[in-house]
Amino acid sequence: MNLILLGGPGAGKGTQAKKLIDKFQIPQISTGDILRAAVKEGTEMGRKAKEFMDAGKLVPDEVVIGIIKDRLAQPDCKKGFILDGFPRTVPQAEALDKVLMGLGNKIDHVVSIDVDEEALVTRLTGRRTCKNAACGQMFHIKFTPSKKEGVCDKCGTELYQRDDDNEATVRNRLATYNQATAPLIGYYTAKGLVRPIAGVGSIDDIFNKIVGIVSGGHSCACGR
Ligand code: AMP
């Protein structure tokens, strides 16, 4: 099962990807997580990427395409993968098609999680994430607060707010999404792969909708 999760920043791609990993035992590939790890390690790629990330802009295509090419060639991707935050531009999607063709593989489903823009701003500015990369559990200060403020319920590690989750950067990220990423809906619709779902309701409701889609259940585009 090779799945792309599409949706604006804060639509819930990462949250859903984490639940899908547990259910299907396939890796989540998040270019955002890979780039943040490079920033933290202080690699040259990380230093270059940070400027774009802090401004809410996209890291150049050739950088993320290189990351994805290496990652998809790893043996754990053979039985499937969940792409979260990639592709984000049409040239990235075209490069992905080429990489997968070279590996004798293809995308099976593109789930587009739709959420209203103002709701995304509220979600992102209140988002807190576990500092332990192996856990990565996410919370929201209003909607899903941790039991103890600033501490992960799952592993007890400190929570942090991402540098790019401030309102000004969030607005830039949304503008970037509308301009560069939204055209991917058309790209994958033309291939008959897009399955839109409403990204509102409980995390479990949304998860069940995705599971229904990837398991070949209800097949119209009504969002159920
Ligand atoms: P995310 O964690 O997916 O919200 O990504 C955080 C930031 O990393 C984005 O705002 C971009 O600056 C950068 N980034 C992540 N994935 C990509 C991508 N596929 N193409 C370009 N930039 C990306």
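Which of the GluC sites (Glu not before Pro) found in the stretch 95-186 are in a DSSP loop and have at most 14 neighbouring Cβ atoms, other than their own, within 10 Å? Could the numbers behind the result be given before it?
Numbers: sites: Glu117, Glu118, Glu149, Glu158, Glu167; in loops: Glu149.
Listed in order of number, the matching sites are Glu149.
Which of Val211, Val64 comes first, and how do the rest follow, when ranked by fewest Cβ neighbours within 10 Å? Before the final figure, lay out each step's value.
Values: Val211 15, Val64 23.
In order of increasing Cβ crowding within 10 Å: Val211, Val64.
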Using the Karplus equation 6.51 cos²θ - 1.76 cosθ + 1.60 (θ = phi - 60°), what ³J(HN,Hα) coupling, rounded to whole Hz, does each residue of the stretch 67-84 give in order, writing x for Gly and Pro?
-> 4, 5, 4, 5, 5, 5, 7, 6, x, 5, 8, 4, 8, x, 7, 10, 8, 10
Once both labels are modelled 7 Å past Cα along the beta-carbon direction, what's the Asp205-Lys48 spacing in nm?
-> 4.4 nm
Which distance in nm do the two modelled labels at Cys135 and Cys77 give, with both placed 7 Å along the Cα-to-Cβ direction?
-> 2.9 nm
Determine the dipole magnitude for the chain: charges of +1 sit on the beta-carbon of Lys and Arg, -1 on that of Asp and Glu, nothing else is charged, the reference point is the Cα centre, and the result goes in debye to the nearest 20.
-> 420 debye
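Relative contact order, percent, of the chain when contacts are C-alpha pairs under 8 Å separated by at least 6 residues?
Working: 321 pairs, mean separation 61.7, N = 224.
Taking the mean separation of contacting Cα pairs over the length of the chain, I get 28 percent.
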Order of Phe207, Phe139 - criterion: other Cβ atoms within 10 Å of each residue's Cβ, fewest first | Phe207, Phe139
Give the shape of the chain as rounded, prolate or oblate, defined through the alpha-carbon gyration tensor: a ≥ b ≥ c are the square roots of its eigenvalues, a/c under 1.5 means rounded, and otherwise the shape is prolate if a/b is larger than b/c and oblate if not.
-> rounded
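Per residue, what volume in Å³ does the Cα convex hull of the stretch 1-110 take up? Walk me through the intermediate numbers first.
Details: hull volume 11.4 nm³, N = 110.
Roughly 104 Å³ of hull volume per residue.
Laboratory data are not the source of any read-out in this text; all were calculated from the coordinates shown. Note that this is a predicted model, so its numbers are computed, not measured. In this analysis, Cβ positions are derived from the backbone assuming ideal geometry, glycine residues included, and neighbour counts consider all displayed protein chains.
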